[in-house]
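This report concerns only the one structure given below.
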Amino acid sequence: MKTVFGQPSYTFANRHVSAAVTQTGGHLGPVSFRIGRKTIAPFAVAPWWNEKLPAGTLPLIRGLRGDFFCLPFGGNPVPFRGEQHPAHGETVNRRWRFESLAHTGDATTLHLSLRTRIRPGRVDKRITLRAGQTAVYQEHIITGMTGPMNPGHHATLQFPDRPGAGRLSTSACVLRQVYVEPTELPETQGYSLLKPGAIFRDLRKVPTITGELADLSRYPARRGFEDIAILVADPKLKTAWSAVAFPEEGYVWFTLRDPRVLPATLLWMSNGGRYSAPWSGRHVNVMGVEDITGFFHTGLAGSARPNALSKRGLTTCHHLRADRPFVVRYIMAVAAIPRRFEQVRDIMVAPGKVTLIGEGGVKVSTPLDCSFLKQTGAA
């Protein structure tokens, strides 16, 4: 245990990756990856980490950083069948119990657990680093719960303070849509720019409220605004991916998942558009690339009840059974890229490695065990 950016955290490492996980909320961050002589730290840490915040501020907000596992994902403003969950669930707001730190073969695994109260059950968190790989493997096993639930990962990246420094891309999608309501409202000290509910086919051409088109594939952009959009993966894919390439920094960050377990990627583009405390217009150059199950960020009620996505036949929640564990597995990794590698066009999976294909056919391979993802969903 160490105090990292103001939060008591479990820390562990191998030669290529160093990670911290907050005791309260289980936020994975910061994480440092070593590529050659470079150290890459892609995750955001909220700028108020060392400030005294008002009583009643959610632990989620106090320790906001990195990636965290949400259960249920979303704001959860509306109760569901008598359950009133905090924003993004108990898993990101309560204290996790240490179970073990194990070294087995080439793997180093931190095991934490949490017993939930609002819907009684248990969540086991295992985060694994593997020798020779610049990757983090995460597994969350949900047991003892019955009923609809929408899990999600909430990875938040800190982009360089340079317009268009990062290039975003994803695997094939069946739907891309801006959140159906304004993400922020002036009367609550927030501003959004994208046109609510707009459906788009190209990340580079997204309608705004001014009638102009925004390019979501390059970020930072649109300083002074806060926006949310969802990208629903093609469920026929064996493996879905999201990626952000940083050509000038010489690396790409990417995630891999089973689209039947986490069907969608929610983009939270946070670039100074919230002016209420503690945000105060200073949470800038941050993008959440959040692989989830859900109806945007509306929470359990919005995701479990019929909604605009579920009416299209898209999965917005899973139905858990107390006698059957539900498993969510997730891989995050980084790889070195040459400057001519502008954006990821595809990711090819092979035994023991993945190959990232960029514009012009530039290829980069990195060691990775994608068979890890096969054991997901209902066990």
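Bear in mind these aren't lab numbers, they're just calculated from the coordinates by the rules spelled out. A quick note: this is a predicted structure, and the numbers were derived from the prediction, not measured. Cβ: placed from backbone, ideal geometry, glycine included. Neighbour counts: every protein chain shown.
Here R223 meets the list (1) more than 28 Å from P86 (Cβ to Cβ); (2) in contact (Cβ under 8 Å) with a residue 60 or more places away in the chain; (3) buried (at least 20 other Cβ atoms within 10 Å of the Cβ) almost entirely, failing just condition (3). Residues in the range 100-112 include none that are in a loop (DSSP other than H, G, I, E, B), surrounded by 19 or more Cβ atoms within 10 Å (Cβ to Cβ), in contact with a strand residue (DSSP E or B) (Cβ under 8 Å, 6 or more places away or on another chain) and of a type in the set (S, T, Y). The criterion of at least 3 residues that are touching a strand residue (DSSP E or B) at 6+ places or on another chain (Cβ under 8 Å) and farther than 16 Å from P148 by Cβ is met by the following strands (runs of 3 or more DSSP E) wholly inside the range 255-358: 264-271, 286-292, 326-336, 344-350, 353-358. For the range 130-189, taking the residues that are surrounded by fewer than 18 Cβ atoms within 10 Å (Cβ to Cβ), in contact (Cβ under 8 Å) with a residue 24 or more places away in the chain and of a type in the set (D, E, K, R), the one that is nearest to N14 (Cα to Cα) is identified as D161. Among the residues making up the range 47-68, those that are touching a residue at least 12 places away in the same chain (Cβ under 8 Å), part of a loop (DSSP other than H, G, I, E, B) and either surrounded by fewer than 21 Cβ atoms within 10 Å (Cβ to Cβ) or touching a strand residue (DSSP E or B) at 6+ places or on another chain (Cβ under 6 Å) (or both) are P47, W48, W49, N50, E51, L53, P54, T57, L58, G63, G66. Do we have R201 as surrounded by fewer than 15 Cβ atoms within 10 Å (Cβ to Cβ) and basic (K, R) here? In short, yes.
Within the range 161-195, which residues are under 22 Å from the mean Cα position of the chain (by Cα) and over 19 Å from R223 (Cβ atoms)? Answer for the range 161-195, where residues must be under 22 Å from the mean Cα position of the chain (by Cα) and over 19 Å from R223 (Cβ atoms): S169, T170, S171, A172, C173, V174, L175, R176, Q177, Y179, V180, E181.
The condition (being surrounded by 24 or more Cβ atoms within 10 Å (Cβ to Cβ) and either over 17 Å from the mean Cα position of the chain (by Cα) or in contact (Cβ under 8 Å) with a residue 60 or more places away in the chain (or both)) is satisfied by just one residue among V232, V289, V284, V261: V289. Scanning the range 302-314 for residues that are surrounded by fewer than 22 Cβ atoms within 10 Å (Cβ to Cβ) and either acidic (D, E) or over 28 Å from G166 (Cβ atoms) (or both) turns up R305, P306, N307, A308, S310, K311, R312, G313.
With the structure loaded, tell me whether S32 is surrounded by 15 or more Cβ atoms within 10 Å (Cβ to Cβ) and without any contact (Cβ under 8 Å) to a residue 24 or more places away in the chain or whether it fails that test.
Working: surrounded by 15 or more Cβ atoms within 10 Å (Cβ to Cβ): yes; without any contact (Cβ under 8 Å) to a residue 24 or more places away in the chain: yes.
Considered against the rule, which asks whether it is surrounded by 15 or more Cβ atoms within 10 Å (Cβ to Cβ) and without any contact (Cβ under 8 Å) to a residue 24 or more places away in the chain, S32 comes out as yes.
Just to be sure, is R122 out of contact with any His (no Cβ under 9 Å at 6 or more places or on another chain), assigned to a strand (DSSP E or B) and surrounded by fewer than 17 Cβ atoms within 10 Å (Cβ to Cβ)? Steps first, please.
Working: out of contact with any His (no Cβ under 9 Å at 6 or more places or on another chain): yes; assigned to a strand (DSSP E or B): yes; surrounded by fewer than 17 Cβ atoms within 10 Å (Cβ to Cβ): yes.
Considered against the rule, which asks whether it is out of contact with any His (no Cβ under 9 Å at 6 or more places or on another chain), assigned to a strand (DSSP E or B) and surrounded by fewer than 17 Cβ atoms within 10 Å (Cβ to Cβ), R122 comes out as yes.
Number of residues in the range 348-364 that are within 22 Å of the chain's Cα centre (by Cα) and either closer than 30 Å to G121 by Cα or buried (at least 22 other Cβ atoms within 10 Å of the Cβ) (or both): the value is 2.
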